[in-house]
Structure formats: C-alpha cells, structure tokens
1. Over chain B, with a Gaussian network built from C-alpha contacts below 10 Å, which listed residue (B:250, B:37, B:211) shows the highest mean-square fluctuation?
2. Cα gyration tensor of region B:1-141, axes a ≥ b ≥ c as square roots of the eigenvalues: rounded (a/c below 1.5), prolate (a/b > b/c) or oblate?
3. Ordered by packing density, taken as the mean number of other Cβ atoms within 10 Å over each peptide's residues, highest first, how do A:50-56, A:10-16 rank?
4. What distance in nm lies between label points placed 7 Å from Cα along the C-beta direction at residue A:252 and residue B:263?
5. Please compute the modelled spin-label separation between residue B:144 and residue B:83, points set 7 Å along Cα→Cβ, answer in nm with one decimal.
6. Considering only DSSP beta bridges whose two residues both sit in the protein assembly as shown, what percent are antiparallel, to the nearest 5?
7. Taking the highest mean first, how do the peptides A:211-219, A:31-39, A:224-232 order by number of other beta carbon atoms within 10 angstrom per residue?
8. Distance between the C-alpha centers of region B:23-72 and region A:213-235? Whole Å please.
C-alpha cells in the first residue's frame, strides 16, 4: 500500500491544555479518511498540523515522503524557511468550515489565484482549468460572481474547486458542512463524493456519519487529543470496539 | 354571533379612513431655527459685502502666476509627503505586527516619537539640521554640506512625510487587523509566501477599511503643507504672504489662498469616493447600491 500521509506521535499543547497527545495516523494514496469525535477532541488541530497551519510541539508528519516543516541533514533537523514551507503547502489543498473564499475576487479569480500567482501557470491555461473545475462542481454559470453573491453551499463548492485548482496530492476538509444550512449540505457532500470517486486522497473532519459510512475507507475516532479507535469505516461505525466510540455514534444518531 | 355582527358594523365605519384628509405634522421648531440661521447667514454676507474687502484684488490675484505656482508647489508637497507617509506607514505597520520583537518595538518607538512632537516643530528640526550635522554622508565615500541638501523642499517633505508615517501606520495596522484570520490561512494553504499573501490577499481587503481615513489624511496634508511657509518653501500660502507684504492686501490674498485650498479639497473628496467604490468590490454595501 502506498502511504501518502504518515503522522507519528503528533503532540500539540495550547498552554497547559493538551490538544493533541501523541496522535499517529496513516492514510494511503487514493483513500478517504474520516476523523470523527466530539468537539474539542483535537481533530481540527491535527488536520491543521498536517499543512503546518499549526506548529507541532512533538512528533512528525510526512506527506508524500516529505517531512513537513523540516529538512533532515545527517543528524540535524533544520527548520524550513517561509518560502520552503509555502512550497510544501502547494501540494496540500484545504477546505475550511467557513469557506474563506477571497471576497474581493470572483469565483473564477479565487480558483485562478493559486495556479497563476504561486505555480506560475499562464493565465489562459489557468482560466480554462478553473472553468472546467467550476463546471465539475456545478457552478459554470457563477464564474463571475463574487462570493457574497453565492449561497453557503455554492461558496463551499467554489472553495473545493479552489483547492483542486492547485492539482494537490491531498485535500484536507475541516468540517466542510458544519456552517451550512441543512438543505445545502448534500450539494457539498455530492461534490466530495465525486472527488473521492475520482481517486483524490482526502482527510475529512466531519460530523456527517452517513458520508463517512458511504464514502470513507477508514474512520478514526478521536477524543481528548487521542486516537481512541481507527479502522475500516464499516467496522468502526457499525461494530465499534471501544465503548466511547459506540456512545459517540449513538449520541450523533439520536 | 348577532352581537359580533353588531360590533362589526361599528368597527367597519371606524376602520374606513381612506377618504379622510391627511394633515401633515407641523414642524414649528424647525421653521423657526431655519429662519434664525438664514438671518444670521445674510448678516454675515452683508458684513463681507460692506466690509473693507477690495474684491477686485481677489479677482486680480486669483489666477496670478505667483499664486498658481504656489498652488502647484502645494500639490507637489502634498504628493511627496503623502508618498513618504504611506510607504513608511505600510512598512511600520507590517513591522509592528510581524513576529520579530525588535522590529515590533522599533515600530512602536517610531510612532511614539513622531506622533509626540508637533509637525511644525519637526519641520524646523529638519530645516536646522545643519546646526548639529554640518555634513551628511558616509565618511570616505561621499559627503555633502547639510545646508546644500536640506533645502526648504527637502526639510518640509521629510518633516511632513515622516510625521505622517506615524499616523498612517496606525491606519494601515487597523486595516490589516480588520482582515479575517481565515483569509491569511486560505492564502497560506494555496502556498503563498508571506509577502505574496500581504500583497495579493490581505492589503487589497485592508484597503477598504484604510481608504476613508487615508483620504482624510491626504486632505489634511493639503492644508498641513501650509506649515512649510514658515521655512520659506514657496507653497501657496507663502506666495500669498509675499504678495501681501508688498501690497498690504492681507485679507484679499488670504481669501485667494483659501479659495484654492477649497477647490483642491473638493476635487480630492470626489476622487476618494471613486477609490472607495473600487476597493468595495465584492463587499455587501456595493452590491446593495448596484
């Protein structure tokens, strides 16, 4: 199995609070991994450690065989510069709970920004790619709309297209449907299902257990900064080994 | 039911009011205060018309070459000082919010010192720099006599620009703080470096917050340049003074100068509205007005 993301003993403290306590995880290429758990369990923090939005206090993460944030040189680990970290982040897309589209740019410009400004793609080529991505998320007719003119579900679909625009190895989803009105959740989940079917590696922090059951290959249950249980989606969701996992799943369903 | 019917006939006549004549509310207080203000204004106009103002002098000097030359110098100084002020303001604001404690403290110190002394005093300090530093330069490489460099133009530009930078940096900082943290994160996740993130994502959004106060500062600077008259920079007030020292028509020349200040400020106010509209693209307020 081709491992794309490998995290070993990742720890993160906010003052005396242990947000992450030696979290380890592996995600294979092409796999969809869902992380579930009560709020404050550290799932989002772990996701943000992968692309270095949060600085780890302990442990290490490899993405595509590259050690995130450091360069190994014999027996020394050198911290990477701002530019080198930016280069590592290019290959890791992220979709946020609150969309975080650039409000001063249209849907099309939001998707083109990274490819043109960071990857140096010619504008024509980037525009063509961006338009095809907008068509893929069902928003071909909204290319020239500003985010404020779009519904939450539409904004999140543009945000997914923006992440895809960078042709990433991996996309991280941080509770992508939690800020949406209930009737808009399915349109975003449908886009994510389509993306999973196309073979994109995805790590999804979510409360949508239905999505996890239908789409995820593996499900990890986290609580209090620790991984409680991890395994194939069907096993963890239908026959959890840990009583805490079972309790959480029951609580979400009721 | 019968009582209800009886009630409803009474009610119906009570609720039929469409045919009644509407008598607007009378604003007696408003009428009186408007009348008082108009009378006072007329008195003021009359005072000016019977006062000993030779309006012919005003019209004679309104377009005099010396005055227009002064106007151009005022505009040049406004632009020069504001360019220095804005560049310094952006640099100092970024230093202030950077993670580097040394830069941050230098930025705080800069704002403290240059906001702490009157602009006029700072102008005079620069103009008299030769008293403590007779020469400027890097010893061995090049050296100039300070009096040759510190012309009224340079002294005024540095004095006004550097003190303006202290104020503008606070405007820029409030603009940067107004941008949501999620925008910084989104820019980072598409692989932007710090500098590109500031230039492409953060500053354009901060501009929406920064333009009104910076427009205010530009308008303030147009008038602040009049301080340069004290160190003999020939801006419009200085040139008006030169004329009235000769012909003693003090008030007429001051009116000429104030006319031109008003014209410039009016034009700038219109320009500010245009710029605001540009940077408001993609925000709710502009959508509402479109």
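Please treat every number below as a calculation from the coordinates, not as lab data. Since the model is a prediction, treat every value here as computed from it, not as a measurement. When we count neighbours, we look across all protein chains shown, and the Cβ atoms used for this are built from the backbone with ideal geometry, even at glycine.
1. Largest GNM mean-square fluctuation: B:37.
2. Judged from the Cα gyration tensor, region B:1-141 comes out oblate (a/c at least 1.5, b/c at or above a/b).
3. So the order, starting with the most tightly packed, is A:50-56, A:10-16.
4. So the label points at residue A:252 and residue B:263 sit 7.2 nm apart.
5. 1.6 nm
6. In the protein assembly as shown, approximately 65 percent of DSSP beta bridges are antiparallel ones.
7. A:31-39, A:211-219, A:224-232
8. Comparing the Cα centres of region B:23-72 and region A:213-235, I get a distance of 78 Å.
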